[in-house]
Structure formats: C-alpha cells, structure tokens
Amino acid sequence: MKITDIKTHIMQVPLVRPFRISLGVITHAVSCLVEMETDSGITGYGEGSPGPLITGENLEGTVASIRVLREKLIGMDPRDIEAVYTVMNRSVAYAGAAKAAIDIACHDIMGKAWGLPLYKVLGGLSNSIETDMTVGIDEPEVMAARAKAHVEAGFNVIKTKVGADITCDLARVKAIREAVGGDVKIRLDANQGWHAKEAVALLDRLNEYDIELVEQPVPRYDFEGLKYVTSHSSVPVMADESCWDSKDALKLVSERAVDYINIKLMKCGGLYEAKKIVNIAEAAGVEVMLGCMAEESGIAINAAAALGAALKNITRADLDASFSLSQLPYEGGFTVENTRHLILSEEPGLGLKGLREEMLQ
Ligand code: MG
C-alpha cells in the first residue's frame, strides 16, 4: 500500500461560548483536516489543531508543515509508522499538530486495512473511557453554576481553570466546591500561571476544598519550580505544558519532578509518540491523563479516546472539547453514554462515516 496524496481542509467551528484560560481566550475550534489517500482505495482521516496559546503553532504554519511532509511521504506505506515518523522528524522539527494529523490518518488507515477499530490496533484494553468536564475562567458564581450544571448532567469530575488572577482563585474553587458537593472530584489547571512558592502556599489553602490534582502550576520551562511544587505541595502535580514528548517525560519521571503527566496528541505529534510517553511513565509508576486542545473538532479526540481506552496506564481523560462545539464536522466516531463515557466505534479505524463537506474550506 502506498500514500498517493495528502489533502488538507481548513475548518473553523465556533465554540458554544468563549473559553478563557490563564493564557488567553479561545473562541473557535481551528483545525486542519487531513485526507490521506492510498493506492489501495483506503482513505485515512486525521486532524491537526494548533493551539497558539499552548503550542505556538498557528493554522497557516500547520498547513505549511503538512505540505512539506506530503512531498516526503507520498509513495510510503502508511502502515509503516516507524518509517513515517523517521521521515517526518528528519523533515520538520516540532510541528506537533501537523505530525499528529498525519499520524492519526496513518492509524485510521491501519485500522481500515486490518479490519480493526483503532482501540484494538492500539492495545485493546477496553472500548471506552470516562472524561471530565472543564470550566473556563469567569466570575466565581458563573463558574460554580456551570460546574453544578455539568454535575447535574452526569459528570463526576470537574476540571477548573485557575491561575489568571491569584486573588480570585480561592473564591473560584470555594464556589465550585460548595456548588457541586463533596462527592465530585475537582482537578485544577493553572496553565503555568503561578510561581513555585506562591503555588505551594496557594495549593495548601485550595486543598481545603479537596483537590485531586493540579496541572502545570508553573511556567513550562521552570523544571526546578515544577519539582519544588511536587515535593512541597499537598496536592499532586501533573505536567502538561512541561511535557511535550518522550524525552521530556523521561526527564520529568526520572527526576521525580511530577506525580502525573498529561499527554496531548497536538503537543507530542500523534499516537506513536504518545505511546512512548505512556510506556516511559508506566515504567516509572506515573499515571497518565489524555487531554486535548480546546481548538480540536473531535476527529483527533476520537484518536485520543481510542488510545485512552486501549492502554491501562492512561487512567484519566480530559477529552471534553467536542462537547463545546456548536456543531460536529463529521458523522460516526465514538458515542456518548451517561454523559461522560466515550464508547469507541467498532467500525475499522476511527469509525468516521464522513466529513460534513459544507463545514470545510
Ligand atoms: Mg492543561
């Protein structure tokens, strides 16, 4: 089997409401959809969603990188993922969203060629995964009302964004805990918003409201700060922006700088690299969460959910971005049961039945 073409389509879908984190505001899912054609008649789909606030890529850059990779990959077998990655990494540095789009399309083709749903291609531990639901930064009473509505809808883990305004973080978390009651897990994401010592002091106070974990309390480059918070805080610490790939993961776990790692396909460049991170973390006794970008349309979330279901060291999921879209650009893929359970398709590959052409540019 050979790749004959890699086509790109731009897609922008408005979110139901603007989503604020400590780094800025996101209003649209912004994606580059990849259609990978082969000489066998099988077409694979992938998605690259650059998150400028997190990854520094923008849509034009992602499309440009995919065009460069297209020239190198035509003629290769998409099932030879080690070979595909070797060529991608020699051709373009970084560019996680571009590589993820191609990686996901290759995996979709593998599943279709082998007649297996993607979760079975990737490990097959189970066919479902539970996700949390995220509340963006707003006034405390607004965040509390949203969290309560999510819990009433059926979510039992609320992830709340903090770190934009330290004086308000305590009021926000207090309001959410009072609104959702004691049985709901609350996890925090500071998106690099604090310094190490203020993080430790603040987390000790926030933990009065029973916090499960905190994501990325300090700037991504502050490795020593992350390690300091992990060793001094009463709240377990998860690396997100500090962990891009397997090399970061190895450094973080070998120096015991974190308790957990959050993988995103758009940071690491796809399922192939994500599996390496999961394996390194598992060997170190560090559990992994699978996250997504707020800009994703859902196609990449199908890939991430398949990986999360397939591997046992992925014990948490933050795959809620597709719930925030005003419409979905595809049919098929996972179904949702009891609000928070993503049930993977049994169709081969991603199980997408078709893209809604009217939503593509
Ligand atoms: Mg995060």
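Span-like helix check, the chain: qualifying full DSSP H segments, with Cα axial length of 24 Å or more and mean Kyte-Doolittle of -0.5 or more, are 96-114.
The amide H of A29, built 1.01 Å from its N in the peptide plane, has V13, L15 as neighbours under 5 Å, considering only residues 5 or more places off or on other chains. Taking a ≥ b ≥ c as the square roots of the Cα gyration tensor eigenvalues, segment 113-244 comes out oblate, since a/c reaches at least 1.5 and a/b does not exceed b/c.
What number do you get for segment 1-147 when its Cα radius of gyration is normalised by 2.2 N^0.38 Å, N = residues? Walk me through the numbers before you get to the answer.
Working: Rg = 17.8 Å, N = 147, 2.2 N^0.38 = 14.7 Å.
Dividing the Cα Rg of segment 1-147 by 2.2 N^0.38 Å gives 1.21.
Here the gap between M359 and K276, fully extended at 0.36 nm per residue and compared with their Cα-Cα distance, gives a gain of 26.5 nm.
Which entries of K112/K247; K120/K251; K185/K251; K227/K251; K99/K161 have Cα-Cα distances beyond 23 Å here?
Numbers: K112/K247 31 Å; K120/K251 30 Å; K185/K251 29 Å; K227/K251 11 Å; K99/K161 28 Å.
Long pairs (Cα-Cα over 23 Å): K112/K247; K120/K251; K185/K251; K99/K161.
Between I74 and S128, the contour length at 0.36 nm per residue exceeds the Cα-Cα span by 16.1 nm.
Accessible surface of S234, taken over heavy atoms with a 1.4 Å probe and every protein chain present, rounds to 70 Å².
On a per residue basis, the chain carries 38 Å² of accessible surface, using protein heavy atoms and a 1.4 Å probe. On full extension, the segment bounded by A93 and D204 gains 36.0 nm, given 0.36 nm per residue less the C-alpha separation. The alpha carbon centroids of segment 295-361 and segment 147-162 are separated by 19 Å.
The share of accessible area on the chain that comes from carbon and sulfur is 48 percent, using a 1.4 angstrom probe.
Rounded to whole numbers, the Karplus 3J(HN,Hα) couplings from phi for segment 40-46 are 8, x, 7, 10, x, 10, x Hz, using 6.51 cos²θ - 1.76 cosθ + 1.60 with θ = phi - 60°, and x at Gly and Pro. Name the most mobile residue of L307, L350, L15, meaning the one with the largest mean-square fluctuation, in a Gaussian network model of the chain with Cα contacts below 10 Å. Among L307, L350, L15, the largest GNM mean-square fluctuation belongs to L15.
Would you calculate the convex hull of the Cα atoms in the chain and tell me its volume per residue in Å³? If you can, show how the numbers build up before the last one.
Details: hull volume 41.7 nm³, N = 361.
Per-residue hull volume (Cα only) is 116 Å³.
Mean residue ellipticity at 222 nm from the helices of the chain, using -39,500 (n - 2.57) per DSSP H segment of n ≥ 4 over the full residue count, to the nearest 500 deg cm²/dmol? Result for the chain, helices only: -11500 deg cm²/dmol. Could you tell me the center-to-center distance, by alpha carbons, between segment 4-57 and segment 199-218 in angstrom? Computed from Cα coordinates, the inter-centre distance equals 32 Å.
The values are calculated or read from the model by the stated rules, or taken from the named source; none is laboratory data. Nothing here was measured: the structure is a model prediction, and the numbers come from that model. SASA here: full protein model, heavy atoms, side chains in, ligands and nucleic acids out. Shrake-Rupley method; radii C 1.70, N 1.55, O 1.52, S 1.80 Å.
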